[in-house]
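Step one of this worksheet: look at the structure below.
The values are calculated or read from the model by the stated rules, or taken from the named source; none is laboratory data. What you are looking at is a predicted structure, and each value in this text was computed from that prediction instead of being measured. With ideal geometry, Cβ positions are generated from the backbone for all residues, glycine too; neighbour counts draw on all protein chains shown.
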């Protein structure tokens, strides 16, 4: 193979050929032919790695431990750890080697039983504890300057060892990784104790995207976490809609407290997704909540707002002088089957349609709004075809769209199905 015509071509061309091969088995075969082929193929083979079973983790760990240059661990830039429940064990075999992946940019981690109710099993407890010990050491080492120094994106979908929720306090260094720009966590508990020692990092982290999915968050913790980024651009506050409070000792931040904590990023926030348990379904949205302070008026950079659940606080804010002045797109996600579209669409009735802001009010308080998206997303499986089955509904939707269009607002209506898994699939 050393005298093969293929290996006689310039290195740049060989690299282009290797990059174009999307079959891992073929690349492995090529890498085994000679040293030059290995040096060309392995950076592509190890650049992005997906692990779904313990046997894959064990094989990868053995490969990374082989003593040869360049070190294979340093070739990994994307690592996706999503072990399947019920498959072979030994997922933890890979954990000690993550810290040696000095070029790692993106890391995704999922509990092997994140969506299974088996936390009380003693077998499960042992497996999860072995994994979390390794993860805990990994992030503590990162705080000391070893490993993960170039990590830019971190996604964690975990559970606890005896409950659906896990304590972010035990992994506090996650929040202050030196290069981290995007952080997504689900089913995490952010209690008051998390705020300890974070004050020293206020306004210093490069985080631009923060996503909390079905998390318990106290007011003190949320205030401390949102104080960390120098300039947060995107925030997803998905705080405990579907489950009871996992910690009786803490009080979950109220919508008003969440908004107050978020004000720390009003100078830079461009996109906000907001979950709220208190749906504005059965009342006039102009009178459902009292707005404290200036609301979103000082969020001059905010151009996209998604309300998942039609928050009464946020809807009230949008229909007042506290609205964000430069908002371009508003998306309202409702957990129903579109029955509100059966309401008449004359101007008098708009205010009585639960959860749909009247066009004239949006035009008045959101002068730069150009897009309004209504998304009907039932929590249970639902056939979206009936959304358009009624002729009267189609006619009213048409009239509704015409009324918005006359005020310079483009109305789009979507239907989407979402399951009960966490994290939930995003609504497109």
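Within the stretch 172-198, take every residue that is out of contact with any helix residue (DSSP H, G or I) (no Cβ under 7 Å at 6 or more places or on another chain) and surrounded by fewer than 20 Cβ atoms within 10 Å (Cβ to Cβ) and give me the one that is farthest from residue 143 (Cα to Cα). This residue is 184. Out of all the residues in the stretch 82-96, is one or more touching a residue at least 12 places away in the same chain (Cβ under 8 Å), in contact with a strand residue (DSSP E or B) (Cβ under 7 Å, 6 or more places away or on another chain) and over 29 Å from residue 166 (Cβ atoms)? Scanning the stretch 82-96, I find no residue that is touching a residue at least 12 places away in the same chain (Cβ under 8 Å), in contact with a strand residue (DSSP E or B) (Cβ under 7 Å, 6 or more places away or on another chain) and over 29 Å from residue 166 (Cβ atoms), so the answer is no. What single numbered condition from (1) in contact with a strand residue (DSSP E or B) (Cβ under 6 Å, 6 or more places away or on another chain); (2) closer than 19 Å to residue 131 by Cα fails to hold for residue 78? Failed condition: (2).
Inside the stretch 310-414, counting only helices (runs of 4 or more DSSP H) that do not spill past its ends, which hold 2 or more residues that are under 24 Å from residue 294 (Cβ atoms) and modelled with pLDDT under 70?
Values: elements: 312-318, 359-365, 391-406.
Of the helices (runs of 4 or more DSSP H) lying wholly inside the stretch 310-414, those with at least 2 residues that are under 24 Å from residue 294 (Cβ atoms) and modelled with pLDDT under 70 span 359-365.
A single member of 27, 64, 40, 69 is more than 27 Å from the chain's Cα centre (by Cα), exposed (fewer than 15 other Cβ atoms within 10 Å of the Cβ) and outside any strand (DSSP E or B), and it is 69. Find all pairs meeting these conditions: Cβ atoms under 7 angstrom apart; at least six residues apart or on different chains; first residue within the stretch 268-279 and over 9 Å from residue 236 (Cβ atoms); second residue in a strand (DSSP E or B) and at pLDDT below 85. Every condition considered, no pair remains. Taking the stretch 43-61 as the range and being assigned to a strand (DSSP E or B) and under 19 Å from residue 111 (Cα atoms) as the test, the residues that pass are 49, 50, 51. Being at pLDDT below 85, crowded, with 21+ Cβ neighbours inside 10 Å and within 20 Å of the chain's Cα centre (by Cα) is a condition met by no residue of the stretch 149-156.
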